[in-house]
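The structure appears right after this line, and notes come after that.
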Amino acid sequence: MSGASTYLLGAGEMRAEFWPGAGMLGASLKYRGVELLRRVEDLEAARVKGSTAGIPLLYPWANRLSGLQYLAAGREVSLDSSSTLLHFDDHRLPMHGVPWGQLRWEVILSDADTLTARLDWVSEKLLAIFPFPHHVEMVARVGPGDLEIATTVFADSGSPVPVSFGFHPYFGLPGIARGEWELDAPAMRKLALDAQGIPTGAETPSMAIAAPLGDKGYDDGFALSGERAAFSIEGNGYSIGVVFESGFQFAQIFAPKDKEFIAIEPMTAATNALRSGKGLRVIAAGEEFSAAFRIEVLHRG
């Protein structure tokens, strides 16, 4: 992408590529030279459009809000429907906070297998969208068979900070049709959604999943029983595991039946939490909040 600095990380047979100058996007994840991420074919077009791709951080909220106003940490916020710093879904609802391509991170430390970067949320434009000055640090570390991403929010500017971010990693298995991918997911609580994808507040128990995707599509939100959970997709000798290690109490599974990808999304709060308060944590001034997940890759053969 024009103007983006690329940082390549590697250990063993695992390689990852990150773009700090464009949202700390995870632009590539390869094992033994095989690309495991999806929606990475035209990242420049995704950046311009404001759509998700690769492994993006959704910040300061994940997924959509049900309207342009929200009340959080004692502050009322009205979003500008004409703002160029926002992306909207087909219902004209604000989606995924500020698009990844518009957030420039500063590299603090980099070496062969680890990258640490910082985002300062202090500019007038950013505070108009999320009026809670703070900074965020992300650490991406590659091991011989895994990629760990840890994110810490620092409420270091005299303000409380609501925590509502998430990640939207897109995966695909090589050499096997999407319908044959086997999805494994733990027992969770499924969130009832309205026609716009907004949780209604109702929940139902969801049994563990261990089945091929077949012709089934997913766009579902879940509440976890704790902060640690493990998911995977398997097929053709490959296994891609997504382990929520800490800080993520919700998950979204997005796998349209006509697309060759699946997104298993770690979320710190439910969709629309800035408006509903569902699962919304607020850290006090001077405190910090950390969340981490790990992508594990195995290939038998």
Residues other than L213 with Cβ under 10 Å of its Cβ, Lys/Arg counted +1 and Asp/Glu -1, net out at 0
The simple spin-label model distance between S123 and K259, using points 7 Å out along Cα→Cβ, in nm, is 2.8 nm
Treating only Lys and Arg (+1) and Asp and Glu (-1) as charged, each at its beta carbon, one finds that the chain has a dipole about its Cα centre, in Debye to the nearest 20, of 340 debye
Per the charge dipole of the stretch 191-231 (beta-carbon charges, Lys/Arg positive, Asp/Glu negative, Cα centre), the residue among A223, I209, G197 reaching farthest to the positive end is I209
Residue-normalised 222 nm signal for the chain, counting each DSSP H run of n ≥ 4 as -39,500 (n - 2.57), nearest 500 deg cm²/dmol, is -1000 deg cm²/dmol
Contour minus Cα-Cα span, T114 to E41, at 0.36 nm per residue, comes to 23.8 nm
Residue separation between R32 and A187 times 0.36 nm, minus their alpha-carbon distance, gives in nm 52.6 nm
The distance between the Cα centres of the stretch 243-270 and the stretch 167-223, in whole Å, is 8 Å
Expected unfolding gain across E227-M207 under the 0.36 nm per residue rule, minus the alpha-carbon gap, is 5.4 nm
Carbon plus sulfur, as percent of the 1.4 Å-probe accessible area of the stretch 1-104, comes to 44 percent
Result for the stretch 13-104: accessible area per residue, probe 1.4 angstrom, in square angstrom, of 41 Å²
Charge tally for neighbours of V77 with beta carbon under 15 Å away, counting Lys, Arg as +1 and Asp, Glu as -1, is 0
Result for the stretch 155-299: accessible area per residue, probe 1.4 angstrom, in square angstrom, of 38 Å²
Under 18 Å by backbone N from the virtual spin label 7 Å along Cα-to-Cβ at E287, the residues of the stretch 37-80 are 72-75
Excluding ligands, DNA and RNA, the carbon-plus-sulfur percentage of the accessible area of the stretch 188-231 with a 1.4 Å probe reads 55 percent
Of the stretch 248-271, those with amide N under 15 Å from the point 7 Å along the Cα→Cβ vector of S51 are 255-263
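The values are calculated or read from the model by the stated rules, or taken from the named source; none is laboratory data. Note that the structure is predicted; figures quoted are calculated from it, not measured. Please note: Cβ atoms are built from the backbone with ideal geometry, for glycine as well, and neighbour counts cover all protein chains shown. The area values use the complete protein model at the heavy-atom level, side chains included, leaving out ligands, DNA and RNA. Shrake-Rupley method; radii C 1.70, N 1.55, O 1.52, S 1.80 Å.
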